[in-house]
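Structure first, then comments.
The values are calculated or read from the model by the stated rules, or taken from the named source; none is laboratory data. No experiment lies behind these values; they were computed from the predicted model shown. Backbone-built Cβ (ideal geometry, glycine too); neighbour counts: all protein chains shown.
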Amino acid sequence: MNRRTALKTLLGGAIALSGMVPLSVLANVNNKLMEKMAAIDAINAITNGKHTTSDDLKLQSPKLAENGSQVPVSVNATALNGVKSIFIIVHENIKPVAMRVDFDSDEVLAYASFRVKMGKPTKVTAIAHTSSGFVTTSTNTKVTKGGC
Amino acid sequence: MAKKIKARAKMKKGLIEVKYKITHAMETGRRKDKAGNLVAEEYINHIKISKNGVNMVTLTPNSTISANPYLFFRMKGASGDDIKLSWVSNTGEKNSASTKVK
């Protein structure tokens, strides 16, 4: 599927969802980030080029993953204050932004865990959007069998 | 293919632990079937989790999330709360499931 048809299907989906306006608007904003791009561009697009690193943001990803189609990744940002959202970026993937998590309520702990596909050994970056700016942390994962 | 949502919400150490497993192939559009044709891209691109009707978390997965997405969250609340998850895919397909906190 190329970009054009992808956009068309997305538009079709948006129309089908016209009853849920805020949802489709959000999908459109996110759409650009979820496209094919360089990981560095994605990080800059999210953070506007301004971000700090911190040990309070914990990213867990295996050093060696046997199966690239299911690599468990978890981000723990509970030590940071006012976390609005978390992004996971897998650098070597064609679409680097794997997941965006928006915390709509303070009642949810700033923790996210899921499984990601990785094509080859890659750097993984987590970005947390906090009330005082963007915080990032990175780790490397070796993949023996790609799954992308 | 049936697209089921397996949900479990339990009180643990004063917090609700929510676990979800969604049955979905999460096709990237790059995989080929046995005949050598590309399988069309089809993945969940929007997930919402709410508690008692109030939105808690919004997720925007990309196609690089593994097949059968597994999610885990912790949130404040009490047993008996109603946790609901709903997802939408890039093809416009949707599904939802609600569960009571034990």
Taking the conditions exactly as written (away from chain B (no Cβ under 14 Å) and either within 27 Å of residue B:25 (Cα to Cα) or crowded, with 22+ Cβ neighbours inside 10 Å (or both)), does residue A:126 satisfy them or not? yes
Could you please find all residues in segment B:54-86 being within 13 Å of the chain's Cα centre (by Cα) and more than 9 Å from chain A (Cβ to nearest Cβ)? B:83, B:84, B:85, B:86
Scanning segment A:44-96 residue by residue, those closer than 29 Å to residue A:144 by Cα, of a type in the set (A, V, I, L, M, F, W, C) and not in a loop (DSSP other than H, G, I, E, B) turn out to be A:59, A:64, A:65, A:71, A:73, A:75, A:86, A:87, A:88, A:89, A:90
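Could you say which residue among B:83, B:65, B:49, B:44 is β-branched (Val, Ile, Thr), surrounded by 17 or more Cβ atoms within 10 Å (Cβ to Cβ) and in contact with a His (Cβ under 7 Å, 6 or more places away or on another chain)?
The conditions single out B:44.
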Which pairs turn up if I take residues in segment B:87-102 that are more than 12 Å from chain A (Cβ to nearest Cβ) and look for partners that are surrounded by 14 or more Cβ atoms within 10 Å (Cβ to Cβ) and not in a strand (DSSP E or B) with beta carbon separation below 8 Å, at least 6 apart in sequence or on another chain? B:95/B:3; B:100/B:81; B:101/B:77; B:101/B:81
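Considering each of B:36, B:29 in turn, give the residue that is part of a loop (DSSP other than H, G, I, E, B) and within 19 Å of residue A:70 (Cα to Cα).
On the way: B:36 fails: within 19 Å of residue A:70 (Cα to Cα).
Within the list B:36, B:29, the selection yields B:29.
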Could you grab the pairs with beta carbons closer than 6 Å, sequence gap of 6+ or different chains, first residue in segment B:40-52 and closer than 23 Å to residue B:77 by Cβ and at pLDDT below 90, second one acidic (Asp, Glu) and not in a strand (DSSP E or B)? B:51/B:81; B:52/B:81
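Considering A:66, A:107, which residue is among the charged types (D, E, K, R) and more than 10 Å from chain B (Cβ to nearest Cβ)?
Numbers: A:107 fails: more than 10 Å from chain B (Cβ to nearest Cβ).
When all the criteria are applied, what remains is A:66.
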Suppose we keep only residues that are within 11 Å of another protein chain (Cβ to nearest Cβ) and at pLDDT below 85 within segment B:1-39. Which one would you say is nearest to residue A:114 (Cα to Cα)? B:26
